[in-house]
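Structure first, then comments.
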Amino acid sequence: MNAIKTASLTKYYGKARGIMDLNLTVAEGDFFGFIGPNGAGKSTTIRTLLGLLAPTSGTAEIFGKQIPLHKTELLADIGYMPSEAAFYRNRKVREIINLSADLRGANRRKSCIAEAARLCERLELDTEKRVNELSLGNRKKLSVICALQHNPRLCILDEPTSGLDPLMQREFFAILEERNREGATIFLSSHVLSEVQRHCRHAAVIREGRLLVSDTIEHLGCALTGEGPFSQENMTSNMSLESASAKRVTVRGLEQPPLLKGIRDVKVTGDTMTFLYGGSPKALLLALASLPLTDVTIAEPDLEEIFLHYYTPEANREPSGQNTL
């Protein structure tokens, strides 16, 4: 069975574009990444899937049932974490958790509170603090707990890790991987490529409200760093994601970039040069070691940067008369 299936799902806000003709399938039990730059349509897709927004046209199904017709039943088995959660500011954390448990019904209240206690311990969240005393990271932890305390069959998480420190991010993904092994479907919206690379088995890429591709992480990674505009032909199965992923390289003290294949988008500001590199890491390190540089940083490019440099030339231009929401 599919956990999520959409057919030509479209949402407009008046004349402004949200999503268009979205055909997306997520198998039950998958750990699925939904990736794209800010404004690509990720949150609109999620809110439409949950029935929080009415589609302009097309259909969306959760576990084989259309969300408008079976909304209450389906939402009982979904854990949703919005990108920005708001709570009653003067309530204590335990009061928010208890309220969330109450909303799940009397039959599930006890188990929800027990599971929330375990999650609070793992995420190191003080339940006696009031919401207005919490940092951004601790508010994110509270949002995670409210989304997961009822052991949902489907977890829909919209930009979940912003505000979490690296240790808590690691624990958060450990929790998700445990839930996934137990049979839950994880649908993770993100613009952080490294998160999707590390944890997801399949992913879909959305840009300007349209789905570009949906495939395994290995195939998708090759497409993201392939030469020229995106096409199915660029997706090769014999290249691992780790070896295909482009890196953003920043060096100081160089006037010219290394003479290596795979260097793109060279920019120079003062004594600092940056470029994207999609070749062998070993070749890059050997080339840099022989040059008179004074400093070097190698990092993951963000997904929006990959879009702008590895997709069609029109990626920088908004279609006439349309706005992305």
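Label reach from residue 165 (point 7 Å along Cα→C-beta): in segment 124-149, amide nitrogens under 11 Å belong to 137-138.
Extension gain, residue 118 to residue 293: 0.36 nm times the residue separation minus the Cα-Cα distance gives 58.0 nm.
Inter-label distance, residue 216 to residue 86: 4.4 nm, where each label sits 7 Å from its Cα along the C-beta direction. Restricting the trypsin sites (Lys or Arg not before Pro) of segment 1-74 to loop positions (DSSP other than H, G, I, E, B) with no more than 11 neighbouring Cβ atoms within 10 Å leaves 15.
For segment 141-214 versus segment 29-90, the spacing of their alpha-carbon centroids is 13 Å.
With the simple spin-label model, which puts each label point 7 Å out from Cα in the Cβ direction, the residue 280 to residue 95 separation comes to 6.3 nm. Only the Cβ atoms of Lys and Arg (+1) and of Asp and Glu (-1) were treated as charged; on that basis the dipole of segment 75-229 about its Cα centre amounts to roughly 640 debye. A Cβ-based charge dipole, computed about the Cα centre of segment 1-63 with Lys and Arg at +1 and Asp and Glu at -1, lands at about 340 debye. Between residue 266 and residue 133, the FRET efficiency from the beta-carbon distance, with R0 = 41 Å, is close to 0.30.
Sequence-ordered 3J(HN,Hα) estimates for segment 164-170 from the Karplus curve with 6.51, -1.76 and 1.60 and θ = phi - 60° stand at 8, 6, x, 5, 6, 4, 4 Hz, glycine and proline given as x. Rounded to the nearest 20 debye, the dipole magnitude of segment 144-215 is 200 debye, with +1 charges on Lys and Arg beta carbons, -1 on Asp and Glu beta carbons, and the Cα centre as origin.
Along the axis of the charge dipole computed for segment 36-127 (Cβ charges of +1 for Lys and Arg, -1 for Asp and Glu, origin at the Cα centre), the listed residues 45, 58, 98 are led at the positive end by 98. Can you compute the label reach from residue 126? Point 7 Å from Cα along the Cβ direction, backbone N cut-off under 20 Å, restricted to segment 153-175. Residues 163-169 fall inside that zone.
Checking every one of the trypsin sites (Lys or Arg not before Pro) in segment 116-200 against DSSP loop status and a limit of 16 other Cβ atoms within 10 Å picks out 129.
FYI, it's all coordinate maths here, none of it is from the lab. In this text, all values refer to a predicted model and were calculated from it rather than measured experimentally. Using ideal geometry, Cβ is built from the backbone for each residue, glycine included, and neighbour counts are taken over all protein chains shown.
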